[in-house]
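To start, the structure under review is shown below, and the notes come after it.
The values are calculated or read from the model by the stated rules, or taken from the named source; none is laboratory data. Remember, it's a predicted structure, so these values are computed and weren't measured experimentally. Cβ sites come from the backbone with ideal geometry, for glycine too, and all protein chains shown count toward neighbours. Side chains are part of the model used for accessible areas, which takes the heavy atoms of the whole protein and leaves out ligands, DNA and RNA. Shrake-Rupley method; radii C 1.70, N 1.55, O 1.52, S 1.80 Å.
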Amino acid sequence: MLGRYLSAMTDVFSAAEEIQLRAVKEHISLTRFLYVDHGGIVRGKAAATARLAERIESGIGHTRAMMAMSMMDELAPVDGMGPVGEVRIKPDPGTFVTLPYAPRAAAMLADQVNPDGSAWDGCARTFLKQAVAELAAEGYELRASFEPEFTLGRYEGASLLPIDESLCYSATGFHLAHDYTIDLVDALLRQGLEVEHYYPELGHGQQEVPIRYASALRAADNHVLLRETARAVAIRHGLWASFAPKPLPGQAGNGAHLHASLWADDANAFADPAGRYGLSVAGYRFLAGVLDHLPALVGLTCGSVNSYRRLAPQMWSGAYACYGPDNREAAVRICSPIGSRGSVNLELKPIDTTGNPYLALGAFIYAGLDGIRRALDPGEPLLADPATLDAAERQRLAVVRLPSSLRAALDALAADSLLISALGPLRSAAYLAVKRSEAAHFDDRDVEYECRQHWLKF
């Protein structure tokens, strides 16, 4: 029956046909179509294998309202995202992976499209695709990698108890998380994610597993897969993995530092051995654009109320809008080349996993591209911790404190005409509404409630 169905399909369905054949061969029962909403939550629906090729082509029906849902499953009032109207969750066949941690299950990253198959202007993944296309029109490709940190612990009652109290990078930390880590790395590799490093980080139970850089869309997809894998493998070990920025108030926060560089003709356009710190003119202009839009950009990269417990001075989170060579308190770090001069890249520090990676990376591209188009100059690099400078010196150097709350970051985003225009009317209205509803939800809640809700959701 399946063979007759597949042989009757036309060439346009060849990718879907191949995926269905693979699912049958690998005894897959359900394939998850995953997306990330404006609240930063990974959501989706699953298709049964018998109709998988058909569902890859058509997508699965879905209410528009889900992109107006907050991290607390509270629906924000957004015109065009109410009870009327439908989109389709349409997966990208090129992202198909068998899930090592979920027997007989697979997954694909998905766009949300209109019923006629056209792009829907409320889809976050489509926004990143648009940014990539605009960058390509200027002759560039962005390659990126996230450096996600997460807290590994035990979910006991209403508490998250870290798996250890080891020191930063300590051998003890390696020992205590070893079995989990080996299973995590194996699961990532089996999904095609190349693990670069692993180390126990500063906070109790804190882990970091960076994935090798890739093209922008693939990098964002990889980040979603890593997040899902880390949580799922933890559950199978009787543990809990949380990417919340500050799951434990007294411990170090979890960031997701973004490393990025522009490429042209298969060469790193940021690399110039004659440039200051090895960075090219294009690199400095891109950097300047990011700094210029950074107060608004953090509304997308630091996407939760909890983010701003981490985004504070002297927490190595980049709380001031400035840059410097290997300055880990600057918001943007020019990274020293490792292995070759062509490996120079920029690291964005004020970013965490509560931000939708497609929106965050897309906005990062638009900000940097604006700097290139306007030939912006980032000014002089900062070679000190900005928090150690007095207010007058920071003012002289134009080093400004980034927003200290989600509400302030959203106000900065709403005032940034370039980023709001890039997001478009529906997407920007929905994002601001969802995030403002989250800010209001936590207004009268205590720290314990806030942290618990974030470590449960992220």
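Structure summary
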read-out: Difference of contour (0.36 nm per residue) and Cα-Cα distance, residue 119 to residue 447; value: 114.1 nm
read-out: Separation of the residue 46 and residue 418 label points, Cα + 7 Å toward Cβ, nm; value: 4.4 nm
read-out: Principal-axis tilt of helix 406-415 within the chain, Cα atoms, nearest 10 degrees; value: 90 degrees
read-out: Calculated SAXS-style log₁₀ I(q)/I(0) at q = 0.14, 0.15, 0.20 Å⁻¹ - segment 45-155, Debye, Cα scatterers; value: -0.81, -0.91, -1.21
read-out: Entries in 25/129; 90/457; 45/457; 45/129; 246/457; 45/90 that, when Cα-Cα distance is taken, lie over 20 Å; value: 25/129; 90/457; 45/129
read-out: Loop-located GluC sites (Glu not before Pro) in segment 179-223, at most 10 other Cβ atoms within 10 Å (DSSP); value: none
read-out: Segment residue 395-residue 104, extension gain: residue separation times 0.36 nm, minus the distance between their alpha carbons; value: 98.9 nm
read-out: Rounded to 10°, Cα long-axis angle of helix 281-301 versus longest principal axis of the chain; value: 70 degrees
read-out: Accessible area of the chain divided out per residue, in Å², using a probe of 1.4 angstrom; value: 40 Å²
read-out: Protein accessible area in the chain, 1.4 Å probe - carbon and sulfur %; value: 52 percent
read-out: Rule-of-thumb Rg ratio for segment 228-314 [Cα; 2.2 N^0.38 Å; N residues]; value: 1.50
read-out: Stokes-Einstein D for segment 51-113, Kirkwood Rh over Cα pairs, 25 °C, 0.890 mPa s (µm²/s); value: 184 µm²/s
read-out: Computed E for residue 380/residue 267 - FRET, C-beta separation, R0 30 angstrom, nearest 0.05; value: 0.65
read-out: Within the chain, longest stretch free of exposed trypsin sites (Lys or Arg not before Pro) [DSSP loop, at most 15 other beta carbons within 10 Å]; value: 213-327
read-out: Cα long-axis angle, helix 447-457 against the chain (0 to 90 degrees, to the nearest 10); value: 40 degrees
read-out: Segment 391-458: Cα Rg divided by the 2.2 N^0.38 Å rule of thumb; value: 1.42
